[in-house]
1. For region 230-253, what are the residues that are in a loop (DSSP other than H, G, I, E, B), open to solvent by 90 Å² or more (accessible area, probe 1.4 Å) and not polar (S, T, N, Q)?
2. Tally the residues that are open to solvent by 20 Å² or more (accessible area, probe 1.4 Å), in contact with a helix residue (DSSP H, G or I) (Cβ under 6 Å, 6 or more places away or on another chain) and at pLDDT 95 or above, restricting the search to region 109-145.
3. Within region 181-200, count every residue that is within 22 Å of the chain's Cα centre (by Cα) and within 16 Å of Lys240 (Cα to Cα).
4. When you go through Leu214, Leu196 one by one, which is the residue that is at pLDDT below 95 and not in a helix (DSSP H, G or I)?
5. Scan region 243-252 and tell me whether some residue there is in contact with a Phe, Trp or Tyr (Cβ under 8 Å, 6 or more places away or on another chain) and at pLDDT 90 or above.
6. Given the conditions (1) surrounded by 13 or more Cβ atoms within 10 Å (Cβ to Cβ); (2) under 30 Å from Gln199 (Cβ atoms), report the number of the one that Leu78 does not fulfil.
7. Quick one: how many residues across region 199-211 are open to solvent by 40 Å² or more (accessible area, probe 1.4 Å) and either touching a Phe, Trp or Tyr at 6+ places or on another chain (Cβ under 8 Å) or part of a helix (DSSP H, G or I) (or both)?
8. Does Pro220 qualify as being without any contact (Cβ under 8 Å) to a residue 12 or more places away in the chain, open to solvent by 20 Å² or more (accessible area, probe 1.4 Å) and either under 18 Å from Leu184 (Cα atoms) or under 31 Å from the mean Cα position of the chain (by Cα) (or both)?
Amino acid sequence: MKKPIKPKTGRPSRYAAAYQGLGGGRSLALGALLLLVVAGTVSAAGWLAWQRLSQWSFFQLTAVRIEGCEQVSKDELLELSGVDIHSNLLRLSPSRIKARLTEHEWVAAVRVRRDWPNRLEIVVREHRPLALLAQPDGLHYVDRQGEVFAPALPPGELDFPVITGLGPRKRWQAEQRQGLQRGLRLLRLAARDAVLPAQGISEINLDEENKLTLFMVSHPFPVYLGAGEQLVRDYRRLVKVLRQLYKRELLGEIAAIQLDYLPDRVLVAKERRG
């Protein structure tokens, strides 16, 4: 009587293992292909939906609100933005609009916001001139931060103190930039004072050694502040001296005020009268 044949146990043969591995690899490849097809279909559907929505009149602009502009007209900014009533709000790029508007010399910053479904809001912050800077090609506006941003041409406002002596901007070194900042700081101090307001300053000159000289509107004599770092202290001393001269009605007799004469002394020179 023949013995029954027992089934073999243990590891499959190398041919069976190879076959199983091949089948598993095919399954993974088919799964990945199916995933790509699904993703492509979803992307195509989304793109088609976006195309339809971006052409829908529901998102067509009906109003553009522009705020914050004084020196620049709203029409000028609207033209520069590239936006019109035919624009679709979905297709507009706030970052691109902002980049276009900040190219204008008077525009310091811009905020662009889409007001769904069909309005656009643009808020502009313009440069605020603090002084005029004398350059070889004419006068230029400069703001509180020391940024020179636009030429000063009629009919623009020209009633600002003039900063002179710095030479062409292209040749400025660190010393010239520091000198400009000192001059602007002096004007910021004067803006808060009644004895010597900023409107009472006609010119601030910086020489080759970066020494600062101030000229007032009502009085022709120079005020020498020098190149020292104690600008706040010197300004307070100047205000104190001017207050005393006002009280004594002696301003008409003054030839110069020298704040850098000695560390603890102010020299007030009187005019010689024949």
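The values are calculated or read from the model by the stated rules, or taken from the named source; none is laboratory data. Here the structure is a predicted model, which is why all the values come from computation and not from measurement. Here the Cβ is made from the backbone with ideal geometry for all residues, glycine too, and neighbour counts use every protein chain on show. The area values use the complete protein model at the heavy-atom level, side chains included, leaving out ligands, DNA and RNA. Shrake-Rupley method; radii C 1.70, N 1.55, O 1.52, S 1.80 Å.
1. Listed by number, the list holds a single entry, Glu249.
2. 2
3. Going through region 181-200, the residues within 22 Å of the chain's Cα centre (by Cα) turn out to be 181-185, 187-188.
Right, trim to within 16 Å of Lys240 (Cα to Cα) and you get none.
Residues in region 181-200 being within 22 Å of the chain's Cα centre (by Cα) and within 16 Å of Lys240 (Cα to Cα): 0 in total.
4. Leu196
5. Filtering region 243-252 for residues in contact with a Phe, Trp or Tyr (Cβ under 8 Å, 6 or more places away or on another chain) gives none.
The answer is no, given that none of the residues of region 243-252 is in contact with a Phe, Trp or Tyr (Cβ under 8 Å, 6 or more places away or on another chain) and at pLDDT 90 or above.
6. (2)
7. Looking only at region 199-211, we keep the residues that are open to solvent by 40 Å² or more (accessible area, probe 1.4 Å), and these are 199, 202-203, 205, 207-209, 211.
In the following step, the residues that additionally are either touching a Phe, Trp or Tyr at 6+ places or on another chain (Cβ under 8 Å) or part of a helix (DSSP H, G or I) (or both) were identified as 199, 202-203, 205, 211.
Number satisfying all stated conditions: 5.
8. Values: without any contact (Cβ under 8 Å) to a residue 12 or more places away in the chain: yes; open to solvent by 20 Å² or more (accessible area, probe 1.4 Å): yes; either under 18 Å from Leu184 (Cα atoms) or under 31 Å from the mean Cα position of the chain (by Cα) (or both): no.
So Pro220 fails the test.
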